[in-house]
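The next block holds one structure in the form of structure tokens; read it before the comments.
Every number here is computed from the coordinates shown, using simple stated rules; none is lab data. Treat the numbers as computed from the prediction; the structure is a model and nothing was measured. Because the Cβ atoms are built from the backbone with ideal geometry, glycine has one as well, and the counts that use them run over all protein chains shown.
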Amino acid sequence: MNISKFVTPEIIFGRGSLSQVGESALRLGASKAFVVSDPDVISAGWADLAIGYLRQVGLKTELFADLTTNPKDVEVEKGVEKYLDSECDAIIAVGGGSPTDVAKAVAMLATNDGGLQQFEGINNITRPLPPMVMVPTTAGAGSEVSQFTIIIDTTRKLKMSIISKSLVPDIAIVDPELLRTKDSLLAAATGVDALTHGIESYVSLAATPLTDIHAINAIRLISQNLSQAVADRNDIVANSNMAMASLSAGIAFSNAILGATHAMTHQVDGLIDQHHGETNAAILPHVMEFNLTEVPKRYALIAEAFGCKTQGLDPVAAGRLAIDAVNALLQEIGLAKGLGEIGITQEMIGALSKNALNDACLVTNPREATLHDIEEIFLKAL
């Protein structure tokens with residue numbers, strides 16, 4: 001029997017659960033909280049609301065929001081400087097994947113010597129991090145429960161994957177109410193990110209029965225709710241189900257890791273600063289096609305989670321229905337675009353492919369991919 005580890009934070013889920021952020025930070029021993037957010041979340045009022053709850057229990061706060069959609073090493077460095085100068089002793093993220101990833105990276109560099117590049121890869125953190133509470137405002141990244149932080153190296157123009165159980169937050173607070181202020185495009189893009197997490201973790205070489213439960217639950221919920229969540233941003237049932245789907249997918253990929261889709265999208269996003277979910281949408285179906293013959297039974301089960309009828313079909317034919325279902329969903333939510341439509345040219349593919357070969361996510365892809373394979377997938381995704 002193989003030995004595996006399964007880690008999650010404490011999870012507080014439900015409408016109105018943002019109100020628990022102050023009590024949660026207090027339980028972790030905080031006296032001054034470093035709140036990481038972004039301008040859009042601040043405009044929506046969620047950061048101020050969280051800060052109010054922190055102050056209600058007597059905590060001092062310091063706000064940092066000098067970051068962009070795809071967080072960069074220089075932004076993290078500014079955050080670390082502000083964190084240390086402000087003498088905070090806990091970190092709270094209120095936002096999507098960007099604030100959460102920055103919060104983790106700040107926590108890491110504030111307590112460990114060295115630059116971000118020294119921690120790239122798996123298990124390179126040696127010292128404990130400050131207490132962390134994460135409050136997602138999107139249903140997609142799953143960073144509030146994961147052992148990942150993804151940061152752009154502005155010199156190499158690629159996304160660094162930093163993976164360590166030290167990065168798993170202490171508490172994740174998932175409040176579906178916070179999703180309703182995001183527009184339809186962001187709801188679609190983040191939903192596809194969660195779907196990609198679910199699919200890639202389900203076919204990952206590191207998948208286990210524990211991760212399978214969460215991955216397939218995420219896929220099923222997304223297939224049933226993403227279109228409605230995109231169509232009606234105030235549908236609390238669809239938003240709640242997407243929040244749960246994102247949470248489940250985050251738990252799955254944190255423990256099973258990911259695959260070639262993310263190994264490739266990290267490079268695209270690092271080069272052109274594109275929204276991660278839209279890049280996933282362009283590449284995911286082609287990676288699924290590449291992996292199909294290696295794990296057809298797994299894809300057949302994904303097809304069933306989408307509601308497809310697979311009875312009487314051989315595994316490859318049944319698995320192909322999963323690819324068809326993903327393509328149909330992308331079409332329905334308006335994200336059936338090629339990489340060429342978002343700024344990638346054929347001349348970029350060589351460098352993107354070489355960088356993808358070195359991404360940690362490629363290690364757990366179910367089918368081994370060569371440089372030529374990755375180049376071919378990129379070409380098909382154009």
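Taking a ≥ b ≥ c as the square roots of the eigenvalues of the alpha carbon gyration tensor, the range 1-141 is rounded, as a/c is under 1.5.
For the chain, the relative contact order works out to 16 percent when only alpha carbon pairs closer than 8 Å and six or more residues apart are counted. By the equivalent-ellipsoid construction on the alpha carbon gyration tensor, the range 183-381 comes out with semi-axes of 24, 20, 15 Å, ordered largest to smallest.
Taking a ≥ b ≥ c as the square roots of the eigenvalues of the Cα gyration tensor, the range 277-371 is classed as oblate, since a/c reaches at least 1.5 and a/b does not exceed b/c. Seen against the Cα atoms of the chain and their longest principal axis, helix 296-305 is set at about 60 degrees. Listing Leu379, Leu195 from fewest to most neighbouring C-beta atoms within 10 Å gives Leu379, Leu195.
For the chain, the mean residue ellipticity at 222 nm estimated from helices alone is -16500 deg cm²/dmol, where every DSSP H run of n ≥ 4 contributes -39500 (n - 2.57) and the total is divided by all residues, rounded to the nearest 500.
Of the residues Ala172, Ala305, Ala249, the one that moves most in a GNM of the chain with alpha-carbon contacts below 10 Å is Ala305. List the lysines whose Cα sits under 22 Å from the Cα of Lys297, skipping any in the same chain fewer than 8 residues away. Candidates past the 8-residue exclusion: Lys309. Compute the Cα gyration tensor for the range 42-118, then decide on rounded, prolate or oblate, letting a ≥ b ≥ c be the square roots of its eigenvalues: rounded whenever a/c is under 1.5, prolate when a/b is larger than b/c in the other cases, and oblate in all that remain. Taking the square roots of the gyration eigenvalues as a ≥ b ≥ c, the range 42-118 is oblate. In plain terms, the residue of Met244, Met134, Met288 with the fewest other Cβ atoms within 10 Å comes first and the most crowded comes last, giving Met244, Met288, Met134. When the chain is treated as a Gaussian network with alpha carbon springs shorter than 10 Å, the biggest mean-square fluctuation among Val295, Val268, Val192 belongs to Val295.
Over what distance in Å are the Cα centres of the range 333-369 and the range 205-223 separated? Taking the Cα centre of the range 205-223 as reference, the centre of the range 333-369 is 23 Å away. Using the structure shown, list the pairs from Lys159/Lys182; Lys78/Lys159; Lys165/Lys337; Lys5/Lys354; Lys32/Lys104; Lys5/Lys72 with a Cα-Cα distance above 26 Å, or answer none. Beyond 26 Å: Lys165/Lys337; Lys5/Lys354; Lys5/Lys72.
Using the reciprocal of the averaged 1/r over all distinct C-alpha pairs, how large is the Kirkwood radius of the chain in Å? Averaging 1/r across every pair of different Cα atoms and inverting gives 20.5 Å. By other beta-carbon atoms within 10 Å, ranking Thr149, Thr279 with the fewest at the front produces Thr149, Thr279.
Springs join every pair of Cα atoms under 10 Å in this Gaussian network model of the chain, and among His197, His266, His286 the largest mean-square fluctuation is at His286.
At most 10 other Cβ atoms within 10 Å plus a DSSP loop assignment makes a site exposed; report the longest stretch of the chain without any exposed trypsin sites (Lys or Arg not before Pro). Counting only loop sites that pass the neighbour cut-off, the longest clear stretch is 6-308.
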